[in-house]
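Everything below concerns the one structure shown next.
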Amino acid sequence: MSLLRSLRLFLVARTRSRQAGSFLLQSAQPWHILQQAGPRLSSSASSKDLLMKLRRKTGYSFVNCKKALETCGEDLEQAEIWLHKQAQKEGWSKAAKLHGRKTKEGLIGLLQEGNTAVLVEVNCETDFVSRNLKFQQLVQQVALGTMLHCQNLKDQLSTYSKGFLSSSELSELPAGPDRNGSLKDQLASAIGKLGENMTLKRAAWVKVPSGFYIGSYVHGAEHSTSFHNLVLGKYGALVICETSEQKANLEDVGRRLGQHVVGMAPLSVGSLDDEPGGEAETKMLSQPYLLDPSITLGQYVQPQGVSVVDFVRFECGEGEEAAEAQ
């Protein structure tokens, strides 16, 4: 084959390759919710740097980050806002499609700061998703939103206060100081990312003044410093104790009381004067102490110098079976 013919065949092949590549670029639809392309993003070093920054900051794909920068004229702040808005639209669309699917799995989140503690429950469809970092970050946002709500309540405490938030009340809370929108917006975003139905089921909060202490425990806890001391598990308890002095072992006593509440599921505190009961006893102080059944919980508590006055217990998914039976 002559050199001229070889060169001609090479040029024809390259031309066809370029045409095919151009067709593929024009046909690609990187994100089905995007409507139209903006101006072409330059290939300069500064543009690549912006793309990398946006990718690291938001976690969205390179394709979507590139589209955001194109649409917003390479304005990094506006590109981030645009990305979140598109993701929110996608999330609400998915949430509407998945609404009504059973959410029996999920996590209990415990967050404690000083004299305030909150328990939250967020549900999903599968245990697999409950172990996903994005789902756990949603639980974190719900706990932080509940904590902020509790801390903003204007009350002068002479004794402890306790409150509960329903699913609808929880959904309307602000997402927190570092997030825009409400918790239901965060929920929609998580549904869009993970593709499962999820619900913000409930929350409880407790605030105590001086002379009181909040014991806490979460069963099967996974602790992570990146979650601002949030503790995750399937069961959680807060136990409100009154104490006349600040004892060194209060944290240990509070944890043991929380373990008892999780394991024995009492329905009321009861009194130290109540007769000791058996395994079926529902009054907390009359129950056999979980860690030493030879004594009652009241007999364990009395020498510790604290009085149990109230408690909150959450079990992930509780009530779902009864609701299905109705």
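Distance between the pseudo-spin-label points of Val309 and Asp274 (7 Å out from Cα toward the beta carbon): 1.9 nm. The spread of Cα positions in the stretch 135-200, taken along each principal axis and listed from longest to shortest, comes to 46, 22, 18 Å.
So for the stretch 105-316, taking the charge dipole from beta-carbon charges (+1 Lys/Arg, -1 Asp/Glu), which of Val306, Phe212, Gly106 sits furthest toward the positive end? So the residue furthest toward the plus end is Gly106.
Counting neighbouring beta carbons within 10 Å and listing from fewest to most, the residues Trp205, Trp82 come out as Trp82, Trp205. A Förster distance of 30 Å, applied to the separation of the beta-carbon atoms of Gln151 and Arg255, puts the FRET efficiency at 0.80. Stretched out straight at 0.36 nm per residue, the stretch from Glu318 to Ser46 would grow longer than its current Cα-Cα span by 92.6 nm.
Here the contact order of the stretch 105-316, divided by its residue count and restricted to Cα pairs under 8 Å and six or more residues apart, works out to 22 percent. Pairwise Cα separations in the stretch 105-316 fall into 10 Å bins from 0 onward with the following percentages, short to long: 9, 34, 33, 18, 6, 0. Each label was represented as a point 7 Å from its Cα along the Cα-to-Cβ direction; for Asp127 and Thr159 these points are 4.2 nm apart.
At the listed q of 0.16, 0.27, 0.29 Å⁻¹, the Debye profile of the stretch 256-320, built from one uniform point per Cα, gives log10 I(q)/I(0) equal to -0.47, -1.27, -1.45. The calculated FRET efficiency for the pair Leu267 and Lys85, based on their C-beta separation and a Förster distance of 56 Å, comes to about 0.75.
Read-outs throughout are calculated quantities, based only on the coordinates presented, and are distinct from any laboratory measurement. Values in this document were obtained by computation on a predicted structure and should not be read as measured data. Please note: Cβ atoms are built from the backbone with ideal geometry, for glycine as well, and neighbour counts cover all protein chains shown.
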